[in-house]
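Trainee: Quick one: this structure, given as structure tokens, is what I'll be asking you about.
Each value in this text was obtained by applying a stated rule to the coordinates, not by laboratory testing. Given the structure is predicted, the values throughout are model-derived calculations rather than measurements. Don't worry about glycine lacking a Cβ; one is built from the backbone with ideal geometry, like all the others, and counts go over all protein chains shown.
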Ligand SMILES: [Zn+2]
Ligand SMILES: [Zn+2]
Ligand SMILES: [Zn+2]
């Protein structure tokens, strides 16, 4: 866990480790409210600053589904602020409302004439694995 911070050349403060540990606890993307709930003791400004640094360093990425508050999920180790190497779809479950990063074997590539794509995000919604299994 500490390596993640080191890899991104971030100093390993106890608070950063704590926030990172929360991300690792969840298999889904999490909104700010969940991070706030899981932190025992925190300063709101420090938390927002930490999230901002994590985003800037490509440690986490933001997922904004239309009309929803943002969710955050851990990135792959080779992500940077400008280039994200995600081969996954953001899936929102209509039953449990969890947002997850779902890896796909063949991520579609898209060419836009006269445009340079730096990031391509695919969002999908439906019923997630655990909700399907729970039925
Ligand atoms: Zn990323
Ligand atoms: Zn679900
Ligand atoms: Zn994702």
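Trainee: What's the FRET efficiency of residue 21 with residue 116 using the Cβ-Cβ distance as r and R₀ = 35 Å, to the nearest 0.05?
Mentor: Working: r = 37 Å, r/R0 = 1.05.
According to the calculation, E is roughly 0.45.
Trainee: Right, next: What is segment 29-77 by shape, rounded, prolate or oblate, if you read a ≥ b ≥ c off the alpha carbon gyration tensor as root eigenvalues and call it rounded for a/c under 1.5, prolate for a/b larger than b/c, and oblate otherwise? All intermediate terms of the calculation are to be shown ahead of the outcome.
Mentor: Numbers: a/c = 1.81, a/b = 1.18, b/c = 1.53.
Oblate, because a/c is 1.5 or more while a/b does not exceed b/c.
Trainee: Here's a follow-up. Anyone know which of 115, 72, 26 comes out most mobile in the 10 Å Cα GNM of the chain?
Mentor: Among 115, 72, 26, the largest mean-square fluctuation in the Gaussian network model of the chain belongs to 115.
Trainee: List the relative contact order of segment 1-112 as a percent without decimals, with contacts defined as Cα pairs under 8 Å and 6+ residues apart. Each step should come with its number before you reach the end.
Mentor: On the way: 123 pairs, mean separation 24.3, N = 112.
Relative contact order for segment 1-112 comes out at 22 percent.
Trainee: Could you tell me the distance between the Cα centroids of segment 58-135 and segment 7-21, to the nearest Å?
Mentor: When both Cα centres are located, 24 Å separates them.
Trainee: Another question, then. In the chain, what % of DSSP beta bridges are antiparallel (nearest 5)?
Mentor: On the way: 12 of 17 bridges.
If I count the DSSP bridges inside the chain, around 70 percent turn out antiparallel.
Trainee: A further question follows. Among 40, 57, 24, which one moves the most in a GNM of the chain with springs linking Cα atoms closer than 10 Å?
Mentor: For the chain, modelled as a Gaussian network with Cα springs under 10 Å, the answer is 40.
Trainee: Looking at the chain as a GNM with Cα springs under 10 Å, which of 63, 35, 117 has the largest mean-square fluctuation?
Mentor: Of 63, 35, 117, the most mobile in the Gaussian network model is 117.
Trainee: Further question on the same structure: With a Förster radius of 35 Å, plug the Cβ-Cβ distance of residue 43 and residue 76 into 1/(1 + (r/R0)^6) and report the FRET value to the nearest 0.05. Intermediate results must be reported in sequence, preceding the final value.
Mentor: Numbers: r = 29 Å, r/R0 = 0.84.
For residue 43 and residue 76, the calculated efficiency is 0.75.
Trainee: Grab every C-alpha pair in the chain, bin the distances at 10 angstrom width from 0 up to the longest one, and report whole percents.
Mentor: With a bin width of 10 Å, the distribution comes to 11, 39, 34, 14, 2, 0.
Trainee: With a ≥ b ≥ c taken as the square roots of the eigenvalues of the C-alpha gyration tensor of segment 51-112, please select rounded if a/c is under 1.5 and otherwise prolate if a/b is larger than b/c or oblate if it is not?
Mentor: Working: a/c = 1.77, a/b = 1.11, b/c = 1.60.
Oblate.
Trainee: Using the 10 angstrom Cβ neighbour count as an exposure proxy, how do 85, 90 rank, fewest first? Display every interim value, and only then the final one.
Mentor: Values: 85 11, 90 21.
Ordered by Cβ neighbours within 10 Å, fewest first: 85, 90.
Trainee: How would 28, 66 line up from fewest to most surrounding beta-carbon atoms within 10 angstrom? Could you put the intermediate results ahead of the total?
Mentor: Working: 28 18, 66 7.
Arranged by neighbour count, lowest to highest, 28, 66 become 66, 28.
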